[in-house]
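Asker: Take this structure, written in structure tokens, and hold onto it; I'll ask about it next.
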Amino acid sequence: MFLALRELRFARVRFALVGAVVALIAVLMVMLSGLSVGLVRDGVSGLQNLPVTSFAFAHGVQHDSAFTRSVVDMSAVDTWRAQPGVTDAAPFGSMLVNTRTDRGTEIDLALFGVQPDSFVAPAVGAGERLGSADGIVVSPTALDAGLRLGDVVTVARLGITLRVVGVTRQQDTFGHVDVAYVPLSLWQAIKSDTPPGTALPAHASREITAVAVRADSGGSGHLAAGDTAAGTESLTRSQSYAASPGYTAETTTLQLIQGFLYAISALVAGAFFAVWAIQRKQEVAVLRAMGASTGWVLRDALTQAFMLLTGAVIVGVGIGLALGVPVAGSGVPFALSTPSVAAAAIALIVLGLIGAAAAVIRLTSVDPATALGGNR
């Protein structure tokens with residue numbers, strides 16, 4: 001510790017420069033972490049908030065577009081409800097529509113068709129629960145986009161009118177579009193292009209997008225049996241996120257950027273301590289000549305790296321959090337999450353230590369005779 005602290009004090013400019021680079025990487029990691037969490041929430045919060053364990057889609061449907069291409073018969077709901085380990089099952093419909101309010105505001109909505117008395121019916125934070133024939137419950141983010149309680153919105157292609165009767169307790173979005181919960185029968189009418197005042201065709205009243213399944217703690221093992229019985233193909237709730245438009249591309253891109261930043265952090269730390277190990281060779285030789293063990297020398301060097309990396313990451317995370325607060329309130333899909341920020345900070349420190357360890361390992365080969373001029 002003596003040598004590590006002494007070098008940190010007397011070579012503070014060099015260490016400050018390297019620390020500044022690591023701190024900037026930490027700032028970027030915090031911002032990317034906020035964007036990742038924000039984009040995920042903006043893309044699939046509507047699915048995350050549903051109390052389901054899995055969705056049973058049509059057999060053979062493409063997983064990346066399951067919510068737009070799947071068509072399942074209503075009879076599958078009863079089949080799934082009868083499966084061992086399944087607590088409940090309910091019909092679920094999904095589609096995207098363009099609407100216009102009676103005040104002229106245009107807004108896109110992701111319609112989730114559910115039965116008002118089912119377990120997937122939304123809880124409301126304001127207004128009324130789902131129940132009236134033309135009533136819809138919208139995400140609070142839809143209010144930011146121009147909707148108000150009591151507004152009447154018209155589905156552009158059909159002229160079907162919907163009345164905003166309630167607002168959910170938390171953000172519900174799907175594919176970066178605000179969710180509106182509608183009664184299943186109304187969703188089926190919109191899905192089948194049935195004009196207002198016209199009876200719903202028999203086939204349309206039997207069609208849904210998927211079966212929302214809620215299983216007990218051991219129910220996940222019965223998915224295959226349920227799919228065989230109902231002729232469906234199940235995805236767990238987390239697996240279904242990939243069916244949200246743009247979800248996979250966005251998350252993969254951000255993960256790649258984060259991975260490169262982690263690698264850069266390790267390379268920066270490794271390069272600096274590689275050069276520093278060469279420059280401090282004489283001091284280490286003196287310590288070895290005085291009886292310092294190889295383990296002590298390595299612990300001293302890694303302690304120095306840990307102190308530098310930890311201090312730099314703490315400063316960088318602090319700056320990133322300070323910058324992220326105004327960004328989160330600016331309408332950008334940005335959300336700070338303590339677990340994700342903490343994980344990013346720990347990863348930066350650990351990978352930096354790995355890079356430093358790979359560099360300072362050469363100190364184990366320092367010959368104590370070097371301190372006595374044995375290299376001349």
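The values are calculated or read from the model by the stated rules, or taken from the named source; none is laboratory data. Since we're looking at a predicted model, the values are computed, not measured. Cβ sites come from the backbone with ideal geometry, for glycine too, and all protein chains shown count toward neighbours. The protein model used for the area step is the full one, side chains on, heavy atoms only, and it has no ligands, DNA or RNA in it. Shrake-Rupley method; radii C 1.70, N 1.55, O 1.52, S 1.80 Å.
Asker: Search the stretch 325-342 for residues being part of a helix (DSSP H, G or I) and without any contact (Cβ under 8 Å) to a residue 40 or more places away in the chain, and hand back the single one that is nearest to residue 145 (Cα to Cα).
Answerer: So the residue we want is 326.
Asker: Within the stretch 194-220, track down each residue that is among the charged types (D, E, K, R) and either in contact with a Pro (Cβ under 7 Å, 6 or more places away or on another chain) or closer than 14 Å to residue 93 by Cβ (or both).
Answerer: 206, 207, 214, listed by residue number.
Asker: Could you please find all residues in the stretch 333-356 being farther than 18 Å from residue 306 by Cβ and surrounded by 15 or more Cβ atoms within 10 Å (Cβ to Cβ)?
Answerer: Passing the criteria: 333, 334, 335, 336, 337, 340, 341.
Asker: Do you know which residues across the stretch 126-139 are open to solvent by 10 Å² or more (accessible area, probe 1.4 Å) and either assigned to a strand (DSSP E or B) or closer than 20 Å to residue 100 by Cβ (or both)?
Answerer: The answer is 126, 127, 134.
Asker: Let me ask something else. Could you give me the residue pairs with C-beta distances under 7 Å whose first residue belongs to the stretch 179-206 and is touching a residue at least 60 places away in the same chain (Cβ under 8 Å), whose second residue is open to solvent by 80 Å² or more (accessible area, probe 1.4 Å) wherever it lies, and which are 6+ apart or on separate chains?
Answerer: Taking only residues 6 or more apart or on different chains, the pairs are 183/133; 186/133.
Asker: A further question on this structure: Could you grab me the full set of residues in the stretch 101-122 that are in a loop (DSSP other than H, G, I, E, B), open to solvent by less than 40 Å² (accessible area, probe 1.4 Å) and closer than 23 Å to residue 208 by Cβ?
Answerer: 118, 119, 120, 121, 122
Asker: Determine which single condition residue 240 fails, assuming it passes every other condition in (1) modelled with pLDDT under 90; (2) buried (at least 22 other Cβ atoms within 10 Å of the Cβ); (3) not acidic (Asp, Glu).
Answerer: With (1) modelled with pLDDT under 90; (2) buried (at least 22 other Cβ atoms within 10 Å of the Cβ); (3) not acidic (Asp, Glu) applied to residue 240, the lone miss is (1).
Asker: Only one of these is more than 30 Å from residue 38 (Cβ to Cβ), in contact with a helix residue (DSSP H, G or I) (Cβ under 7 Å, 6 or more places away or on another chain) and assigned to a helix (DSSP H, G or I): 287, 200, 261, 223. Name it.
Answerer: Of 287, 200, 261, 223, the one residue that is more than 30 Å from residue 38 (Cβ to Cβ), in contact with a helix residue (DSSP H, G or I) (Cβ under 7 Å, 6 or more places away or on another chain) and assigned to a helix (DSSP H, G or I) is 287.
Asker: Could I ask something else about it? What's the number of the condition residue 246 fails, among (1) among the small types (Gly, Ala, Ser); (2) under 34 Å from the mean Cα position of the chain (by Cα); (3) on the phi < 0 side of the Ramachandran plot?
Answerer: All conditions are met except number (3).
Asker: From the list 163, 157, which residue is over 27 Å from residue 335 (Cβ atoms), of a type in the set (Lys, Arg), open to solvent by 50 Å² or more (accessible area, probe 1.4 Å) and in a strand (DSSP E or B)?
Answerer: On the way: 157 fails: in a strand (DSSP E or B).
Matching residue, one of 163, 157: 163.
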